[in-house]
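Everything below concerns the one structure shown next.
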Amino acid sequence: MSRRPAAAAESPPVLITETEALAALCERLRTETFVTVDTEFMRERTYWPELCLVQLASDAEVALVDTLAPGLDLAPLGALLADPAVLKVFHAARQDVEIFLLKFGAVPAPLFDTQVAAMVAGYGDQVSYDGLCRSLAGTQIDKAHRFSDWSARPLSAAQMAYAAADVTHLRRIYRALDEKLRREGRLAWVAEEMAALTDPATYRLDPETAWERLRPRTGNRRFLGVLRSVAAWREREAQRINIPRQRLVKDETLLEIAATMPETVADLSRARGISEGFAKGRSGAGLLAAVKAGKELPEAELPEAPRDRAGPPVSPALVALLKVLLAAKSEEHHVAPKLLASSEDLDRLAAGEAADVPALHGWRREVFGEAALALKAGRLALGVDGKRVKLIRAG
């Protein structure tokens, strides 16, 4: 709750365009227990997100920080986001946090994500902000400006109202979730999930592992070595010239280049999606150098080919039983199934690869993991009681 009583009537949103006004705002907000935060940004044409607007709200005020205003120093905002005494409340925080990490070199902390909290509280998998507005704030969000060009100036009154709504209703949503989770003793569950969101490593992509996202279906280690090299080049080159990686070179083109291993400009220009101009330019030279580096890697340094699971294939029937158990536990504890265990978790549990499965750690083990192990060991059976699945302890 706020350290000061809520204002009887909230002031309209204020647009902040000057450093002095931002500093005064952040000084006031640092007296609050929590502040709701959202951002508007553009990323369609760039690798790095372009921050256009930051929305902040306390009980008494709502402010829109125009991050594109000439001469505006965002240092006071960075200090507010780093203040350990003020909880920063977001919805679906990952992209916002990534932007602030890039801008200030640190993750906002402490942090509370209402999307994660809502999953813990039983509102379903990845519930939307407008869904929570309807459920917990009793209001409907106008989505008309969701795809606005937030880099264009001046901002319209409708854009500003839309942006302000992203943090005003979030206050009621946060309070409702906080009260429910405290009552049910689940705030510690949310805290476990926040640990990943506040870890800077969550947001840092290693170019040397970028090839793994392409999911190559081959055991040819030389191909994989070239793919790793060209995928790392694409990541660094896209960062350098600040364009989306797919706009620089598409995934399917990278896979083709790794397979054909072009050596000359003429070879490279024959690849789908590679123009002659690109092949002859700086980027083309860099891509050919990356191919050459992958081809020349010593055998011992080539990536390992994906390996099939050892032993017999996973039983589809066992996976199906684990899915039924997951649904039953989710229903019993009013928590989103996806938060308890992923499809990969269930496959690995069925295959006996359980040591580092997230479902067997922390609160997830208590809610689902122990029952999953008992089901596999024959100590637990599934039955039906009317319209509900029931668990039957064996022995």
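Let me confirm something: among Leu382, Leu326, Leu297, Leu318, which residue is within 26 Å of Arg183 (Cα to Cα) and either at pLDDT 90 or above or more than 32 Å from the chain's Cα centre (by Cα) (or both)?
Leu326
So Glu40 clears everything in (1) farther than 30 Å from Leu205 by Cβ; (2) surrounded by 17 or more Cβ atoms within 10 Å (Cβ to Cβ); (3) modelled with pLDDT of 95 or more except one condition, right? Which one?
(1)
Give segment 53-91 a look and list any residue that's charged (D, E, K, R) and closer than 13 Å to Ala21 by Cα, or say none.
Asp66, Asp73, listed by residue number.
Is at least one residue of segment 26-37 β-branched (Val, Ile, Thr), open to solvent by 20 Å² or more (accessible area, probe 1.4 Å) and at pLDDT 95 or above?
yes
Residue by residue, here is whether (1) outside the structural domain of Leu102 (by the TED database); (2) part of a loop (DSSP other than H, G, I, E, B); (3) within 23 Å of the chain's Cα centre (by Cα) holds:
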position: Glu32; (1), (2), (3): no, yes, no
position: Asp38; (1), (2), (3): no, no, yes
position: Arg45; (1), (2), (3): no, yes, yes
position: Val54; (1), (2), (3): no, no, yes
position: Val65; (1), (2), (3): no, no, no
position: Leu68; (1), (2), (3): no, yes, no
position: Leu72; (1), (2), (3): no, yes, no
position: Leu81; (1), (2), (3): no, no, yes
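Is it true that some residue in segment 220-229 is open to solvent by 30 Å² or more (accessible area, probe 1.4 Å), within 28 Å of Phe34 (Cα to Cα), touching a helix residue (DSSP H, G or I) at 6+ places or on another chain (Cβ under 7 Å) and modelled with pLDDT of 95 or more?
no
Among Ala238, Ala201, which is the only one that is surrounded by 13 or more Cβ atoms within 10 Å (Cβ to Cβ) and small (Gly, Ala, Ser)?
That would be Ala238, the only listed residue that is surrounded by 13 or more Cβ atoms within 10 Å (Cβ to Cβ) and small (Gly, Ala, Ser).
How many residues are under 17 Å from the mean Cα position of the chain (by Cα), open to solvent by less than 50 Å² (accessible area, probe 1.4 Å) and closer than 22 Å to Ile173 by Cα if we restrict to segment 83-104? Full working, then the answer.
Looking only at segment 83-104, we keep the residues that are under 17 Å from the mean Cα position of the chain (by Cα), and these are 88-102.
After this cut, where a residue has to be open to solvent by less than 50 Å² (accessible area, probe 1.4 Å) as well, the list is 88-93, 96-101.
Narrowing further to those that are closer than 22 Å to Ile173 by Cα: 88-93, 96-97.
Adding up the residues that qualify gives 8.
Among the residues of segment 105-128, count how many are open to solvent by less than 30 Å² (accessible area, probe 1.4 Å) and within 18 Å of the chain's Cα centre (by Cα).
Initially, segment 105-128 is screened for residues open to solvent by less than 30 Å² (accessible area, probe 1.4 Å), giving 107-108, 111-114, 116-121, 124, 127.
The next check asks that each one be within 18 Å of the chain's Cα centre (by Cα); those that pass are 107-108, 111-114, 116-120, 124, 127.
Matching residues across segment 105-128 total 13.
Return yes when Ala152 is surrounded by 21 or more Cβ atoms within 10 Å (Cβ to Cβ) and either outside the structural domain of Ser342 (by the TED database) or touching a Leu at 6+ places or on another chain (Cβ under 6 Å) (or both) and no when it is not.
no
Contact list please: Cβ distance under 9 Å, first residue in segment 318-330 and on the phi > 0 side of the Ramachandran plot and not assigned by the TED database to the domain that holds Arg388, second residue among the aromatic types (Phe, Trp, Tyr) and open to solvent by 20 Å² or more (accessible area, probe 1.4 Å), pairs at least six apart or on different chains.
Qualifying pairs under 9 Å: none.
The values are calculated or read from the model by the stated rules, or taken from the named source; none is laboratory data. Please read these numbers as outputs of a predicted model, since none were measured by experiment. When we count neighbours, we look across all protein chains shown, and the Cβ atoms used for this are built from the backbone with ideal geometry, even at glycine. The area values use the complete protein model at the heavy-atom level, side chains included, leaving out ligands, DNA and RNA. Shrake-Rupley method; radii C 1.70, N 1.55, O 1.52, S 1.80 Å.
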